[in-house]
Amino acid sequence: MKVLLFPGSFDPFTLGHQNIAKRASRICDKLIVAVLENDSKNPLFSLSERKELIKKSLAKYKNIEVISYQGLLVDLYKDTGATATVRGLRSESDFRYETEMALANRLLYPDYDVIFLSCREDLSLTSSTIVKEVGHYGGDISKMVPKEIYEEVSEALRKGRKKHG
């Protein structure tokens, strides 16, 4: 069984994330979307909320499982029996960063492997950070997040504006 691992903080899950997950799910038996527990980033959504939003966004893909993790990615990689990790690339800087991370992980676990998928051109400027920035100022994020979770993300960003504004 070919198992691919798609790790990230996904705060919030974007159309770019959804596109990478959809495409990755077509080249494996099972795709595990692994949500990183990383409170140092001051997340918009709690870990359990992020998992639920991702599950809602990917519900129609039957070979995708959503889990959470903390600690080293290579430990999760070994524990899940992953064949490779999937990483989405938007730019040359993403490629450089992801290559460095892959090499570091390979130092920790020589059997570690990674598959890079380039994002759709129309999503190349979309990131969780951009979604939060645009939403914070009341901009339209409908072309940045999956329609299945648009209302929840918009509401969280509206609440954030009220707290800070």
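Restricting the search to helices (runs of 4 or more DSSP H) fully inside segment 85-165 and requiring at least 2 residues that are of a type in the set (Phe, Trp, Tyr) gives 92-108. Gly81 meets the conditions (1) more than 30 Å from Arg158 (Cα to Cα); (2) out of contact with any strand residue (DSSP E or B) (no Cβ under 6 Å at 6 or more places or on another chain); (3) surrounded by fewer than 16 Cβ atoms within 10 Å (Cβ to Cβ); (4) touching a residue at least 12 places away in the same chain (Cβ under 8 Å) in every case but one. The failed one is (2). Residues of segment 1-46 that are small (Gly, Ala, Ser) and either over 18 Å from Thr80 (Cβ atoms) or in a loop (DSSP other than H, G, I, E, B) (or both): Ser9, Gly16, Ser40, Ser46. Please verify whether Arg26 is exposed (fewer than 15 other Cβ atoms within 10 Å of the Cβ) and either over 22 Å from Tyr112 (Cβ atoms) or in contact with a Ser or Thr (Cβ under 6 Å, 6 or more places away or on another chain) (or both), treating the condition exactly as stated. Taking the combined requirement at face value, the residue satisfies it.
The condition (being surrounded by 20 or more Cβ atoms within 10 Å (Cβ to Cβ) and in contact with a Phe, Trp or Tyr (Cβ under 7 Å, 6 or more places away or on another chain)) is satisfied by just one residue among Leu58, Leu5, Leu15: Leu5.
Taken over segment 100-143, the residue count meeting the criterion of being among the acidic types (Asp, Glu) and either surrounded by 12 or more Cβ atoms within 10 Å (Cβ to Cβ) or closer than 22 Å to Lys159 by Cβ (or both) is 3.
Taking the criterion of being closer than 18 Å to Gln70 by Cα and without any contact (Cβ under 8 Å) to a residue 12 or more places away in the chain, the residues of segment 14-44 that qualify are Asp39, Ser40, Asn42. Scanning segment 53-80 for residues that are assigned to a helix (DSSP H, G or I), over 17 Å from Asp29 (Cβ atoms) and of a type in the set (Ser, Thr, Tyr) returns a single hit, Ser57.
Bear in mind that the values in this text are calculations on the coordinates, not laboratory data. Owing to the predicted nature of the structure, the values given are computational and were not obtained by experimental measurement. Heads up, the Cβs are rebuilt from the backbone with ideal geometry, glycines too, and the neighbour counts pull from every protein chain shown.
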